1. Through the Karplus equation 6.51 cos²θ - 1.76 cosθ + 1.60, θ set to phi - 60°, convert the phi angles of segment 297-303 into ³J(HN,Hα) values in whole Hz; use x for Gly and Pro.
2. Need one word for segment 107-160: rounded, prolate or oblate. Basis is the Cα gyration tensor (sqrt eigenvalues a ≥ b ≥ c); a/c below 1.5 gives rounded, then a/b vs b/c decides.
3. Short version: what are the Cα gyration tensor semi-axes of segment 344-553, square root of 5 times each eigenvalue, largest first, in whole Å?
4. Using only the Cα atoms of segment 342-434, what are the Rg and Dmax in Å?
5. Using Cα pairs under 8 angstrom and six or more residues apart, how large is the relative contact order of the chain, in percent?
6. At a threshold of 8 angstrom on Cα-Cα distance, excluding pairs fewer than six apart, so keeping six or more, what relative contact order does segment 344-553 reach in percent?
7. What spacing in nm lies between the two simple spin-label points modelled at Arg267 and Tyr49, each 7 Å away from Cα in the Cβ direction?
8. Under unit Cβ charges (Lys, Arg +1; Asp, Glu -1), what dipole magnitude, rounded to 20 debye, does segment 554-678 have relative to its Cα centre?
Amino acid sequence: MKAFKTEGGLRKYLIWPWIFAIIMAFPAAGCWIISLQAGITGSSLWLFYILVALIIWFRSRRSLRRDLIDFATRYSQVQKGLLKGLAIPYTLLDEDGRFIWSNAGFAAIIHKDRFYSKSITTFFPEITKEKLPKDEKVMTMEISYENRDYRVDLRRIRMEDTADGSIAQDDFSGSLIALFFFDVTDVRMYMRLNHEQSLVTGLIYLDNYEEALESVEDVRRSLLTALIDRKINKYFNALDAIVKKIEKDKYFVVMKRLSFDQMKESRFDLLEEVKTVNIGNQMAVTLSIGFGLETDSFMQDSEYARNAIDLALGRGGDQAVVKTPEKITYYGGKSQQVEKNTRVKARVKAHALREIIESKDQIFVMGHKVTDIDSFGASVGIYRAADALHKSCHIVINDVTASIRPFMESFVNDKEYSPEMFVTSSEALQLCDENSAVVVVDTNKPDITECPELLDIAKTIVVLDHHRISTRRITNATLSYIESYASSACEMVSEILQYIADGIKIRGAEADSLYAGIMIDTNNFMTKTGVRTFEAAAFLRRNGADVTRVRKLFRNDFADYKARAEAVKNSELYKGKYAISICPNDVESPTVTGAQAANELLNINLVKASFILTEYQDKIYISARSIDEVNVQIIMERLGGGGHMNIAGAQLVGKTVEEARGVLKQTIDEMEAEGELS
């Protein structure tokens, strides 16, 4: 029979009689010193204790072993029974993923009692041998089986870790895989119900309410308003939503998340439905919709909705904007914003700008990187306003492109202008202080301005732009004047100059720069022009703008013309309607040449949109143009850029021209599949 070994607390308990015998040996030996009789008595008692202890030890040893084994057996059976009836389904696999053992809970899941030696992949294809844990770290998987959802925890158990001192380690080699199944079907159902029943808040604004009413007879205006209200109320009633009219052209909406998801799935078709309201009005009614959701509080959702509606209006209206803490999503935006005939807003903004300029010591004006003539002309216009108010002004320009060099030289060579009229970013950072104002023109994105660091130094920032507002925008502006219906930044500045100071005198070179900016951004007054565009051009003509002089300054070099012709020649007609080409970069200003080539491609029949890719300064610049059928702005926004519906652009970093072409095509394919470009 194998020797009986005891360990731990039991061993210490059983060894105490022998420790006590050793301790008692010393008093027994001491009795011999007292007397012979005392020694005999003490030793006899000590020997008697030893004899009794030995008898008890040997007689109880077998009984103790039997009782311990009986207890261990009963304990093991209890453990096995508890594990077998454990409410959590549990199974053991070998290293190949085959069943070794399972409890009743797991058998109930697969509705089988005999499945041992089979692979777990037979029942759960998601759990393959390759996905089994390779170490003791717990893995978690999400699976579905027979319309139930489970979270599965997988753990590898090494057999040598279960061995004790009485069994050789070699008998316990290899490992087992333990799987615990947690039914999360009900939890997910309640989470889904909670998500679907949560409330979403939104705002709806009529973009052109006043203009639409003016286009119908007086007696029919109330009918038009009633039809619009009916259309909006009927739409949201079908979605089980509450819509409340808070002003004559504003609505507040509260709805369930499930209803909101349905509306989002239909891509906010209310935008198109409301345009069908027509009782003779010459102008179709358009909406702007803003929703905020997925924040920590309902109040914050409401604030996000207000930010979203501001974005929708700033981007021209006729679109829905959904704002969450993670991202901002845009829907619609297929209509041009209607130009407002009144210039009251321009006058108000001009007076506000005058107050800012008069309160500061010096003014810094900057546009976007790779300055074009619209950005340059608008900067010159602000310079004229600051000079008329007797304030020092500096225009920040780093790289002088070929398109603006002739205009810039007319100022540099004129002694009437200060040598510090044009400064670089480093010079501007040295001159700028807390009592300086920064005016940003022709962009509202801080990261693409000529000197983003300047925005951190100055406490007063003014933004004048005609591009649609994007997610990345200057948010701390003291004065923001962004009108996406304007043809160009030069048009906006030309209007401001008429109100910022009485009897302001604009010199010929300044008028030429502003006029040139309008010409370029409207493609010689053929794109995005309105009544106010021609009024601004007329104002500049009265102040000395010379069309012939501007045309001479716009003439291209022979190399630029050949590069533009080559880009048109090598273009491909993707999907039969998108012209895509690459512009050679062996010219002085390839981005300007690429933009000109994009305009040229629109003159070709069947071309609905054109895209020219240009490699310049380790970036791929994309110039996108269209006439009216394709919104190139939303395509460029997918690529990190922006612009207008008909004129937009983007910059890609870390890609070759061919890779960028592939990304552009993939983006077009995705947006067509999603219905964005329909």
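Derivation of every value follows stated rules applied to the coordinates shown; laboratory data play no part. What you are looking at is a predicted structure, and each value in this text was computed from that prediction instead of being measured. Glycine gets a Cβ as well: all are built from the backbone with ideal geometry, and neighbour counts include every protein chain shown.
1. Working through the residues one at a time gives 8, 5, 5, 5, 4, 5, 5 Hz.
2. Judged from the Cα gyration tensor, segment 107-160 comes out oblate (a/c at least 1.5, b/c at or above a/b).
3. Sorted largest first and rounded, they come to 23, 19, 17 Å.
4. Considering segment 342-434 through its Cα atoms, Rg and Dmax are 13.8, 41 Å.
5. Once divided by the residue count of the chain, the mean separation gives 7 percent.
6. 25
7. Result: 9.8 nm between the two label points.
8. Roughly 220 debye for segment 554-678.
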